[in-house]
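To start, the structure under review is shown below, and the notes come after it.
Nothing in this text is a laboratory measurement; each read-out follows from the coordinates by a stated rule. Note that the coordinates shown come from a computational prediction; the quantities given were computed from them, not determined experimentally.
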Amino acid sequence: MLRVNHIIKILSSIKPYAPHTYKNRTDKIIDKIHGRLFMTGVIFLALLACLIALYRLTDLFRNDTMVYIIFGVYFGVTITGLLIMMLPPILGIKHLINWKKETSDDFVCEISHDEQNAMLLLDYSEKELLYAIHWLQTKINRINLRVSSFFGEKTAVLSVLALTYSAVQSSIGFDKLSQTFTEDLFTSGISNTFIMFGLAFLLGISLGALMLKKVANHQLYLKEIVELAIKIQKDAGEGTAT
């Protein structure tokens with residue numbers, strides 16, 4: 001088996017690069033501020049609920065001073081909520097302004113991430129890695145065949161979604177569909193019931209196709225990592241030879 005099972009086990013723990021994995025100093029500071037503001041907002045909300053309960057349930061705290069305190073805490077909750085909502089757009093504007101640098105840094109981090117993943121496979125021979133590539137490609141082909149044989153090539157998911165939309169429009173219409181949802185499904189008419197089950201079947205198929213595509217894309221990424229490991233091995237061998 002050429003230790004392909006060991007290689008697959010290593011690949012199962014490998015994940016593609018995600019931009020949020022590697023954050024610069026500014027992003028970390030903003031995330032830290034965002035987290036603290038969120039905790040502050042939760043504390044303010046809990047305090048506001050307690051103050052309102054005391055004001056409504058006890059005569060001792062039912063006075064003008066308590067009203068001012070409640071409004072003050074409410075104002076604090078509002079300001080905190082606004083700040084929490086403002087931070088993500090500010091971060092997005094920062095990325096838009098420095099998009100060239102952000103894109104370059106992100107690409108460098110992606111290369112480093114993939115190289116670290118490929119380093120996990122350097123203990124295996126080129127023959128073993130090529131054998132793993134063979135099985136990864138076989139898996140990809142089988143998944144794509146399952147999707148394409150049922151739906152067609154490339155536009156499988158879009159075709160099913162379009163079919164679902166046209167089926168709804170031509171059968172009962174979206175107004176009737178919402179009415180069927182709000183009413184009892186089995187008392188809205190047997191034809192509507194069968195149509196609903198048919199639409200649910202189409203939706204399930206489209207979601208299944210999306211999931212299969214996601215699996216195939218992940219297998220393709222793993223194949224690229226194995227190919228990168230082979231390239232690193234060859235480059236290292238050429239370096240030692242010279």
- Query: Which pairs, out of Lys15/Lys139; Lys101/Lys231; Lys100/Lys223; Lys127/Lys213; Lys28/Lys223; Lys94/Lys214, put more than 21 Å between their alpha-carbon atoms?
  - Reply: Lys101/Lys231; Lys100/Lys223; Lys127/Lys213; Lys28/Lys223; Lys94/Lys214
- Task: Would you please classify the overall shape of region 16-113 from the alpha carbon gyration tensor, given that a ≥ b ≥ c denote the square roots of the eigenvalues, rounded means a/c under 1.5, and beyond that prolate means a/b larger than b/c while oblate covers the rest?
- Result: prolate
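For region 16-113, what relative contact order do you get, as a whole percent, if you take Cα pairs closer than 8 Å and at least 6 residues apart? Working shown, then result.
Working: 40 pairs, mean separation 36.6, N = 98.
Relative contact order of region 16-113: 37 percent.
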